[in-house]
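Scroll down for the structure; my scribbles are underneath it.
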Amino acid sequence: MEQPEGKEGFLLEAAAPGQTGPALDSCEASPDEGLIEDLAIIDKKAVEQLTEGLISHYLPDLQRSKLALQELTQNQVVLLDTLEQEISKFRECNSILDINALKRALKLQQKKQKEELEREQQREKELEREKQLTAKPARRT
């Protein structure tokens with residue numbers, strides 16, 4: 001366990017139970033003597049100056065970072081809008097391709113049906129022709 005340091009950098013000792021302060025030899029002075037009084041006397045103006053110095057040191061970088069993040073966010077919004085438009089175009093293009101594929105399939109189906117119909121008609125003609133060519137018994141008169 002670390003012990004706190006006094007203002008001169010000495011380690012402070014915890015008081016033993018029943019004692020009001022750290023254990024001291026009779027001839028030793030406490031290294032933290034007056035520390036509490038010194039802390040209470042800290043000048044508020046010094047705190048304000050340190051705060052202003054800290055803020056003035058980091059504020060410009062933070063403001064630049066804020067602007068950069070705003071610009072990045074704006075660019076992302078533009079990018080998302082553009083992406084949505086491209087997706088819409090892509091879907092439209094796919095729809096057109098699907099329609100064209102359906103048209104081709106319909107034409108192919110119609111062509112097959114026409115060919116099938118022509119073959120059926122050809123068979124019927126051949127059957128009729130065979131019928132006419134088949135020898136018929138002569139009628140007796």
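The values are calculated or read from the model by the stated rules, or taken from the named source; none is laboratory data. Every value quoted in this text rests on a predicted model; they were computed, and no experiment measured them. Cβ placement follows ideal geometry from the backbone for every residue including glycine, while neighbour counts extend to all protein chains displayed. Protein only, heavy atoms only, side chains kept; ligands, DNA and RNA dropped before computing areas. Shrake-Rupley method; radii C 1.70, N 1.55, O 1.52, S 1.80 Å.
With a 1.4 Å probe and all protein chains kept in place, how much accessible area does Leu50 have, in Å² rounded to the nearest 10?
Taking all protein chains as shown, Leu50 has close to 130 Å².
With Cβ to Cβ distances under 12 Å as the rule, what net charge do the other residues near Ala105 carry (K, R +1; D, E -1)? If you can, show how the numbers build up before the last one.
Working: positive: Lys103, Arg104, Lys107, Lys111, Lys112; negative: Asp98.
Around Ala105, the surrounding residues sum to +4.
Could you tell me what percent of the accessible area of segment 72-141 is made up of carbon and sulfur, with a 1.4 Å probe and every protein chain present?
Working: 4070 of 7400 Å².
The computed percentage sits at 55.
Excluding residues on the same chain fewer than 8 positions from Lys125, give the lysines whose Cα lies under 24 Å from its Cα.
Excluding near neighbours in sequence, the set is Lys111, Lys112, Lys114, Lys136.
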